[in-house]
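This report concerns only the one structure given below.
Values quoted throughout were computed directly from the atomic coordinates according to the rules given, and no laboratory measurement underlies them. It should be emphasised that the depicted structure is a prediction, and the values quoted were computed from it without experimental measurement. Glycine also receives a Cβ, built like all others from the backbone with ideal geometry; neighbour counts cover every protein chain displayed.
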Amino acid sequence: MKTYGIIAKFDDPSALLHAAEEVRDAGFKNFDCHSPFPVHGLDDAMGLKRSRLGYVIGVCGLIGALFGFGLQTWVHLSEYPMNIGGKPFFAYPAYVIITFELMVLFSAFGAVFGMMYFNKIPRLHHPLFYSEKFCSVTSDAFYVSIESADPKYDERKVEDFLKNIGGKEIEVIKDENEK
C-alpha cells in the first residue's frame, strides 16, 4: 500500500493554529488542517493565498451579462425586429432583466464548476477516511495532515516534528486503493 501521509491530533483550536504556523514555517507545502468548525485566522496561519474563485465567478458573470445583452440586441435589431407602439428596435432598458438573470446564472455555474476544479472534486474517497481516529474530526477533534507528496516529507522526521509541536495520536495513513 502507498503511504498517503501522517496525521496528528491537537487539543484545541489555538493549538491547531499554532501547529499550522509551525508546519508552514518548517517549509511544508502539502499539508492541511481539519476542524469541526471554522477557526478564525487558520488560512493565514497555513499561508494560504486568496482564492482565485472570485475572479472565475466575476468573469463568468460578465460573460453571462454580455451574452444576455448581445442576444437580445441581435434578436431585436436583425433577426426578429418588431415595431410595437412606435418603440425603437434597440430598447435597451427592457434588456436589464434578462441581462441580470443570465449574469446570475453564468456566475452560479462558474461558482459550482470553479469550486469543483479548484478543490479537485470529485474524489470519491479520500485516504484520510481510512483512519478510525480521524472520524472524530467532525465533532471534537483538531488534526493536521502532512501528505507524502510534500518535497520535505520523511516519515520519521515528520512524526518527530509533529510530536515536538504538540501533536498527539500520530498516525501514518495508507491509501488502501493504491497497489
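Within segment 37-52, the set of residues being part of a loop (DSSP other than H, G, I, E, B) and touching a strand residue (DSSP E or B) at 6+ places or on another chain (Cβ under 8 Å) comprises 39 only. Here segment 10-26 is the region considered, the condition is being among the small types (Gly, Ala, Ser) and under 21 Å from residue 173 (Cβ atoms), and the residue that is surrounded by the most Cβ atoms within 10 Å (Cβ to Cβ) is 20. Any chance you could count how many residues in segment 16-48 are over 15 Å from the mean Cα position of the chain (by Cα) and under 18 Å from residue 158 (Cβ atoms)? Summing the residues that are over 15 Å from the mean Cα position of the chain (by Cα) and under 18 Å from residue 158 (Cβ atoms) in segment 16-48 gives 13. Can you confirm whether segment 155-168 contains a residue that is farther than 25 Å from residue 48 by Cβ and aliphatic (A, V, I, L, M)? The answer is no; no qualifying residue exists.
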